[in-house]
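Here is the structure we will look at.
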Amino acid sequence: MVVYAGNFQSRLMRLLGDLWEVILLPRRPKALVRTLQETRHTLADGNLVCVFPEGRITRTGQLQTFKRGTLKIHEGTDVPIIPVYLDELWGSIFSFEQGRSFLKWPRRLPYQISIHIGQPLTGKMDKHRARQAVQ
């Protein structure tokens, strides 16, 4: 999965990142280009790559605008995009409810969510088509 490097600064998160084989997404433009290339190589090797197209955890609980980076990764490849939507996360530790994520108790235990997986998208892709498939 492609994740923001700033969230993987602590020793624990770096260990988890290594375990999960995350691809760290930096803010520096030159490093960003290398990350996009690394991600394309990972796809070309036949691996599945998870990308969060909104670029961050929603602050409202609603689906946000998709960022260009998702399609930059896909550019020049013929791999399908599989739209996945995680629903009912608002109120879990993975939501921004109460103005923070992770550092709170979930509303209930166990906290059930819904995962919706769409049909693979192929061909020329734009962020509107991808967002519509997720919706």
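The values are calculated or read from the model by the stated rules, or taken from the named source; none is laboratory data. Given the structure is predicted, the values throughout are model-derived calculations rather than measurements. Note: ideal-geometry Cβ built from the backbone for every residue, glycine included; neighbour counts use all protein chains shown.
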Inset, instruction - For Gln132, work out the one condition from (1) at pLDDT 85 or above; (2) closer than 18 Å to Met1 by Cα; (3) surrounded by fewer than 16 Cβ atoms within 10 Å (Cβ to Cβ); (4) not assigned by TED's automatic domain parsing to the domain that holds Val22 it doesn't fulfil. - result: (2)
Legend entry - Lone qualifier among Phe52, Phe66 - being closer than 22 Å to Gly118 by Cβ, touching a Lys or Arg at 6+ places or on another chain (Cβ under 8 Å), in contact (Cβ under 8 Å) with a residue 40 or more places away in the chain and part of a loop (DSSP other than H, G, I, E, B): Phe66
Inset, instruction - State yes or no: is Val79 surrounded by 15 or more Cβ atoms within 10 Å (Cβ to Cβ), among the aliphatic types (A, V, I, L, M) and at pLDDT 85 or above? - result: yes
Inset, instruction - Out of Thr70, Thr58, Thr39, Thr65, report the one residue that is of a type in the set (S, T, N, Q), at pLDDT 85 or above and within 15 Å of the chain's Cα centre (by Cα). - result: Thr39
Legend entry - Count of segment 1-15 residues which are within 16 Å of the chain's Cα centre (by Cα) and either over 16 Å from Phe52 (Cα atoms) or assigned to a helix (DSSP H, G or I) (or both): 4
Legend entry - Among residues of segment 85-110, those that are within 26 Å of Phe66 (Cβ to Cβ), of a type outside the set (Asp, Glu) and touching a Ser or Thr at 6+ places or on another chain (Cβ under 6 Å), counted: 1
Inset, instruction - Taking the residues in segment 111-135 that are basic (Lys, Arg) and touching a residue at least 12 places away in the same chain (Cβ under 8 Å) as candidates, determine which candidate is nearest to Gly69 (Cα to Cα). - result: Lys127
